[in-house]
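Chemist: The following block contains the structure, expressed as C-alpha cells.
The values are calculated or read from the model by the stated rules, or taken from the named source; none is laboratory data. Nothing here was measured: the structure is a model prediction, and the numbers come from that model. All Cβ positions, glycine included, derive from the backbone under ideal geometry; neighbour counts span all protein chains shown. Side chains included, ligands, DNA and RNA excluded: accessible areas come from the protein's heavy atoms. Shrake-Rupley method; radii C 1.70, N 1.55, O 1.52, S 1.80 Å.
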Amino acid sequence: GALRQRETLAEHAGMLAASPVDGTVTTMRGEVLERLEDLDPGTGEPRRCRLRLALEDPPGALLLASLDAGIPGRPGERVELTGAFRAPRPPSNPGGYDGLTWALRQGLLGSLSVGGPDGVRILGPAEGALAGLRRLRERLHGRILARFASPEAELLDALLLGIREPLDQTLSDAFLETGTVHYLAISGSHIVILLGALSLFLRLTPLGFRARAGVLILAAAFYAALVGFQAPVARSALTASLAAAASLFGRPRAAWNALCAAAIAIGLYDPSQTFRPGFQLSFLAVAGILLLFAPLKARLEARLHPR
C-alpha cells in the first residue's frame, strides 16, 4: 500500500504539472460521480451546485466543477464541461489550508468554474456497473424527493443513500446538538440494520444456511457500492462479509481478524484512505469496542449479579 501510494502521488504530481494554466478556459470530459447543491441561506433554494467528475484525460484524475443549480449533469452521465480552470494551491500562510496536499491525496486535478448552460454538454450514460449504480442511486433520490415532503425527504436521503446535501440546516444542527449526527452519515450501523433485517427475512424462505450467507455477502457488497464505498461502509461491509463467509465455510468467526483484514484491503486498494479522519475514526472506534466490550461486560455482570 505504501509503495502504491508513493507511485500514485508521483503520477498525480505529473498530472498537475501537465494541467492547464491557472485561469485559462478549457474543455474537459468525464463521468459525473457526485452532484452536491449549495443552498441559499435566506430562501433555502439551490443556487449553485458542484459536480465531482472522473476525467477521461488524464485517466484516473478527479475534477470539481461549479455551475448553476439548474444546469443538467447527474451521477452516472458523461459530460463535457467548458470553463475557467483553477489549479490547487499550496498554503499562502504557514499552517494554513494546504489545497495542494489535499488535492494530491484526493487525486484531484483542480476545479472548473462553468459560467452557464452553454458550458455543459451531456454525452450520454457512462458505461460500467458502478455507473449504473450511480444512476440507480440518483433515481432513488428523485423518488424520495417526489414522494416525501421536506425535511423528511432530505432526512431519508441522508439515512438511506448517504446524500446529505441539501439537508435542512435546523435539522442538521439538531442532530449535531444531540450527539447523533453520525446517523446522517452512512456507516456500520446502516449495514448492520440492513443485513439484520435481510437475515430475518431470509429465514422465512426455503433457502439453506449457506445460500443465505451468500445472499448477505452480495447484499453487503451491493449496498456499499450503491452509496459510494465510503470508508465506514466499506469497513462494515467487508467485516460482515468475512463473518458470513466464515459461516459459509464452517470456520469460526474472529472479529479482530475480520477488522484487520478489512483495514488491509482498503489500505491496499486506496492507500490515501489511511490519511483520512473517517477511516481512522471508523477503525479506532470498532477496535475500542472490541477491546473494551469483554471487560466492561464482566464488570457490569459482577455488579448486577454479585456472588
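Chemist: Applying 1/(1 + (r/R0)^6) with R0 = 30 Å to the Cβ-Cβ distance of Asp68 and Thr101, what FRET efficiency is obtained, to the nearest 0.05?
Modeler: Rounded to the nearest 0.05, the efficiency is 0.50.
Chemist: Here's another thing I want to ask about it. Suppose the chain between Leu296 and Ala211 were pulled fully straight at 0.36 nm per residue; how much longer would it get relative to their current alpha carbon spacing?
Modeler: Gain on stretching Leu296 to Ala211: 27.0 nm.
Chemist: For Ala287 and Asp118 in the same chain, what is the full-extension length gain: residue separation times 0.36 nm, less their Cα-Cα distance, in nm?
Modeler: 55.7 nm
Chemist: Mind checking the full-extension length gain between Ala246 and Leu3? Use 0.36 nm per residue of separation minus the Cα-Cα distance, one decimal, nm.
Modeler: Extending this stretch completely gives an extra 84.4 nm.
Chemist: With Cβ to Cβ distances under 10 Å as the rule, what net charge do the other residues near Arg135 carry (K, R +1; D, E -1)?
Modeler: +2
Chemist: Which whole-number value in Å² is the accessible area per residue of the chain, probe 1.4 Å?
Modeler: 59
Chemist: Could you tell me which residue out of Pro88, Gly119, Thr170 lies farthest along the dipole of the chain toward its positive end? Charges go on the beta carbon: Lys and Arg +1, Asp and Glu -1, centred on the Cα centre.
Modeler: About the Cα centre, the residue reaching furthest to the positive side is Thr170.
Chemist: By per-residue mean of other Cβ atoms within 10 Å, what is the highest-first order of 236-249, 261-274?
Modeler: Highest-to-lowest ranking by the protection proxy: 236-249, 261-274.
Chemist: At 7 Å along the Cα-to-beta-carbon direction for both Ala265 and Phe175, put a label point, then send me their distance in nm to one decimal.
Modeler: 2.6
Chemist: Hey, another quick one. First check a/c for the stretch 111-157, with a ≥ b ≥ c the square roots of the eigenvalues of its C-alpha gyration tensor; if it is under 1.5, answer rounded, and if not, answer prolate when a/b is larger than b/c or oblate otherwise.
Modeler: It is oblate, given that a/c is not under 1.5 and a/b is not larger than b/c.
Chemist: Under the rule a/c < 1.5 gives rounded, and otherwise a/b versus b/c splits prolate from oblate, where does the stretch 43-106 land using the Cα gyration tensor?
Modeler: Because a/c hits 1.5 or more and a/b fails to exceed b/c, the stretch 43-106 counts as oblate.
Chemist: Relative to the longest principal axis of the C-alpha atoms of the chain, give the angle of the C-alpha long axis of helix 231-248, reported between 0 and 90° and rounded to the nearest 10°.
Modeler: 40
Chemist: Just from its helices, what would the mean residue ellipticity at 222 nm be for the chain, if runs of 4 or more DSSP H residues each count -39500 (n - 2.57) and the sum is divided by every residue, rounded to the nearest 500 deg cm²/dmol?
Modeler: Only helices count here, giving -16000 deg cm²/dmol.
Chemist: Would you please classify the overall shape of the stretch 157-307 from the alpha carbon gyration tensor, given that a ≥ b ≥ c denote the square roots of the eigenvalues, rounded means a/c under 1.5, and beyond that prolate means a/b larger than b/c while oblate covers the rest?
Modeler: Because its axes are fairly even, with a/c under 1.5, the stretch 157-307 counts as rounded.
Chemist: Percent of accessible area on the chain owned by carbon and sulfur, 1.4 Å probe?
Modeler: Carbon with sulfur: 62 percent of the solvent-accessible area.
Chemist: Please give the net charge around Glu56, taking every other residue with its beta carbon less than 10 angstrom from that of Glu56, where Lys and Arg add +1 and Asp and Glu add -1.
Modeler: -1
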